[in-house]
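Derivation of every value follows stated rules applied to the coordinates shown; laboratory data play no part. Just so we're clear, the structure is a prediction, and the values are computed from it rather than from any experiment. In this analysis, Cβ positions are derived from the backbone assuming ideal geometry, glycine residues included, and neighbour counts consider all displayed protein chains.
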Amino acid sequence: MPVFKEEIISTAQIRKRTLIAFSFFFLFLAGCIFGWIWLHRQPESDGALKPLRAVLNTNEKVFSSLLLSDDHLAKNFSLDAAVHKVRVNGDAGMGNNFDPATWKLQVVRKPGDTLYVSLDEIKALPKTEVIFDFKCIEGWSQITHWGGAKFSDLVKKYGLDEQAQMQYAGLHTPDNAYYVGIDTKSIMHPQTILCYEMNGQPLPMNQGAPLRLIIPVKYGIKHLKRIGTIYFSNQRPPDYWFERGYDYFSGL
Amino acid sequence: MPNKKIIKKHPLAIRWFHWINFPVLAIMIWSGLLIYWANDVYRLGWGDKTILKFFPDSFNKALNIPFRLAEGMSLHFVFMWLFAINGLLYVLYLLFSKEYKLIFPNKSSLKEAWQVLLHDLRIKKGLPPQKKYNAAQRIAYTGVIIMGLGSLVTGLAIYKPVQLYWLCAGLGGYEWARAEHFILTILFSLFFVVHIVQVIIAGWNNFRGMVAGFEVESIPPAIAEPEEEAVANTAPLNT
């Protein structure tokens, strides 16, 4: 048990020691205040203060290398756990000027070499269903039921292995108004699907028909609706919410 | 000038941990408010009856909280490191310095804490003998350590609910983990209020102890002789 040390000293000594301690104390408080002011005077990097952005990028390295693995699956729920009223959140990239009948998925193999895949060809791939707790970055979640083809099956079927060696995949809507970038490890995850069904029915327009991304290892902001183009890159593809201050990785 | 006795109460390390934690926890709570606003579903009440909404619109408006989710997240996921590291070092320090013996509750703490409560509420006079902290303080100060750990664990569970699925499931699932994380924040805020009131009541000497490390006691003339000093070692401290 620690014992308190005691000393008999003069009141002048006490005053001196108190003064020294409080000088450090106020210096510390001033440091905190100036640190806070300094932080908020830093330039922004894609909508986030630069020092914060640097740490967020480091967090990605820490958590994706320590944790992210194909063995970690989002929990699959039973069919009756899935909600019938699926929340619709956000309509960026979902303009009216779009004809699903003439739509084809565009996969850029390399600049100038684009592969066109029809919905029927995607439906011809093995079908995978996921019933998982969809998590929005706003903080709500919903158990929802989706069906589609594994992204990794598309890669396998169309010989995109070389492209999938790159660090990122980029996706954008046909009108380019909404776009996301995703690390390859996450997009090749066994639960990541190119989704054309919701609750066993064809995907509704407001949920991104004819084809959307469902990627349970990410927040909803990465589940791009109405996929127009997919491409691969070793640089981070532009990302709609990243540019508005959110974390690029946004992994769960 | 007359001499006085100083009693070295708080080691330097504990004072640093304490004062670093203060702004860091404040930033964590502030950024947490910015995040929580984006899905502010919690309330006190039953059925359609709401006694208190977390948080009233006037509160959000007054603090300019709305539409700052991205900013809140960027702060939260940066300062979480400082909160975690400072807290971890604090606990390690308590264990290795044996200071924990002065803080963790013992067998009689629960009974004595009740007496402290009655005393503080001016219902009963007299306090049980104590060392550094009274029983109520032991429980409260150990409680916040557990709360801090709880905030870390529930926070991790909602930060990486897929990769740390076992953790999230152990806390009752994603929605529960988020609610627990929120409740802990409310408890921290309540702790803070009581702590501030108690510090104000305890007064300057006690506050100086947390900054300078020592408390001052005047020496009654009768025991001012050097050979009597050792006796005072066993005297209880006030706060």
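When the chain is fully extended, how far beyond the present Cα-Cα distance does A:Lys75 get from A:Val88, taking 0.36 nm per residue of separation? All intermediate terms of the calculation are to be shown ahead of the outcome.
Numbers: separation 13, 0.36 × 13 = 4.68 nm, distance 2.20 nm.
Taking A:Lys75 through A:Val88 to full extension adds about 2.5 nm, to one decimal.
Mind checking the mean number of beta-carbon atoms from other chains within 10 Å of the Cβ atoms in A:93-103?
Details: counts 0, 0, 0, 0, 0, 0, 0, 0, 0, 0, 0.
Taking the mean over all residues of the peptide, I get 0.
Can you figure out the FRET efficiency of A:Gln167 with A:Ala54, using R₀ = 22 Å and their beta-carbon distance, to the nearest 0.05?
Numbers: r = 19 Å, r/R0 = 0.85.
The formula returns an efficiency of 0.70 here.
By a straight-distance test (C-alpha under 30 Å), which lysines pair with B:Lys4 as possible cross-link partners, with residues fewer than eight away in the same chain excluded?
By straight Cα distance, B:Lys4 reaches A:Lys5, A:Lys16, B:Lys98, B:Lys101, B:Lys125, B:Lys131, B:Lys132.
Mind giving me the nanometre distance, one decimal, between the label points for A:Lys110 and A:Ser65, set 7 Å out from Cα along Cα→Cβ?
Label at A:Lys110, label at A:Ser65, 3.0 nm between them.
On a straight-distance basis, which lysines could pair with B:Lys61 in a cross-link, Cα separation under 26 angstrom, same-chain partners fewer than 8 positions away excluded?
The reachable lysines, counting only those whose Cα sits under 26 Å from B:Lys61, are B:Lys49, B:Lys53.
Between A:Glu7 and B:Ile145, how high is the FRET efficiency from 1/(1 + (r/R0)^6) when r is the Cβ-Cβ distance and R₀ = 41 Å? Nearest 0.05. Kindly include the intermediate steps, with their values, before the conclusion.
Details: r = 30 Å, r/R0 = 0.73.
Once the sixth-power term is evaluated, E becomes 0.85.
Just to confirm a number: summing +1 for Lys and Arg and -1 for Asp and Glu over residues other than A:Arg226 whose beta-carbon lies under 11 angstrom from that of A:Arg226, what do you get? Mind showing how you got there, number by number?
Numbers: positive: A:Arg212, A:Lys225; negative: A:Asp91, A:Asp175.
Value of the local net charge: 0.
State, as an integer percentage, the relative contact order of chain A based on alpha-carbon contacts under 8 Å between residues 6 or more apart. Before the final figure, lay out the partial values.
Numbers: 409 pairs, mean separation 52.7, N = 252.
Once divided by the residue count of chain A, the mean separation gives 21 percent.
Of A:Gly90, A:Gly208, A:Ile37, which is farthest towards the positive pole of chain A's charge dipole, taken about the Cα centre with +1 and -1 on the beta-carbons of Lys, Arg and Asp, Glu respectively?
A:Ile37
Tell me the mean residue ellipticity at 222 nm calculated for the protein assembly as shown from its helices only (DSSP H runs of n ≥ 4, each -39500 (n - 2.57), averaged over every residue, nearest 500). Can you show the working numbers first?
Numbers: 14 runs with 209 residues, N = 491.
Per the formula, -14000 deg cm²/dmol.
Using every Cα-Cα pair within the range A:14-141, state what percent have a distance larger than 19 Å. Walk me through the numbers before you get to the answer.
On the way: 6458 of 8128 pairs.
Considering the range A:14-141, 79 percent of its Cα-Cα pairs are separated by more than 19 Å.
List the aspartates and glutamates whose alpha-carbon lies under 19 Å from that of A:Lys85, not counting same-chain residues fewer than 8 positions away?
A:Glu129, A:Asp133, A:Glu138, A:Glu197, B:Glu175
Shape of the range A:44-244 from its Cα gyration tensor (a ≥ b ≥ c, root eigenvalues): rounded if a/c is under 1.5, otherwise prolate when a/b > b/c, or oblate?
On the way: a/c = 1.32, a/b = 1.13, b/c = 1.16.
Because its axes are fairly even, with a/c under 1.5, the range A:44-244 counts as rounded.
Of all alpha-carbon pairs in the range B:16-57, indicate the percentage at a distance above 14 angstrom.
That fraction is 59 percent.
Once you place label points 7 Å from the Cα toward the Cβ at A:Trp38 and B:Gln198, how far apart are they in nm?
A separation of 3.4 nm, rounded to one decimal place.
Roughly speaking, what is the stretch gain from A:Ser45 to A:Glu121, that is 0.36 nm per residue apart minus the C-alpha to C-alpha distance, in nm to one decimal?
Details: separation 76, 0.36 × 76 = 27.36 nm, distance 4.04 nm.
Additional length available on full extension: 23.3 nm.
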